[in-house]
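Coordinate-derived values only; no laboratory data. Keep in mind the model is a prediction, meaning the values are calculated, not measured. As a convention, Cβ positions derive from the backbone with ideal geometry for all residues, glycine included, and neighbour counts pool all protein chains shown.
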Amino acid sequence: MEKLKIARRNRKGNLTRALKELQFLIDGDATATEIEVGITKAKSRFDQVEKCHEELVELITEEEDFAKEQDWMTDTQDEFLKEMIRIKKLLTSTGTECPVEIASSV
């Protein structure tokens with residue numbers, strides 16, 4: 001179970017880096033295609049975190065431990081959605097159409 005926690009943590013780090021990369025793309029006036037690739041990458045990274053989390057919680061037998069891990073995932077999901085919504089608003093405010101649906105993976 002400890003290996004899954006480490007894997008999940010590492011995948012969350014990958015998600016954080018993908019979101020930062022997406023912000024750099026937007027700040028650097030990237031093309032809509034480049035932004036679309038960045039959004040798709042971030043969504044894929046979130047899906048990886050979610051998959052690893054599901055594998056982890058399947059092994060948990062104690063209710064208290066399960067609740068703790070579910071809270072961790074809820075916080076991670078909230079952070080991801082807030083960032084994706086912020087990015088969509090940023091794109092909209094600059095007159096750039098969001099090239100993909102940002103919350104379709106959640």
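For every other residue with a beta carbon closer than 12 angstrom to the beta carbon of GLU2, add +1 if it is Lys or Arg and -1 if Asp or Glu, then tell me the sum. Once positives and negatives cancel, what remains is +4. Summing +1 for each Lys or Arg and -1 for each Asp or Glu among the other residues whose beta-carbon sits under 14 angstrom from that of LEU19 gives +4.
When only Cα pairs below 8 angstrom with a gap of at least 6 residues are kept, region 14-71 shows a relative contact order of 33 percent. The aspartates and glutamates whose alpha-carbon is closer than 16 Å to the alpha-carbon of LYS68, local same-chain residues fewer than 8 away aside, are GLU2, GLU50, GLU54, GLU55, GLU58, ASP78. The calculated FRET efficiency for the pair LYS68 and THR31, based on their C-beta separation and a Förster distance of 35 Å, comes to about 0.25. What is the sum of charges, Lys and Arg at +1 and Asp and Glu at -1, for the other residues whose Cβ falls under 9 Å from the Cβ of ALA42? It works out to a net charge of +1. A straight chain from LEU81 to SER93 at 0.36 nm per residue would run longer than the Cα-Cα distance by 2.5 nm.
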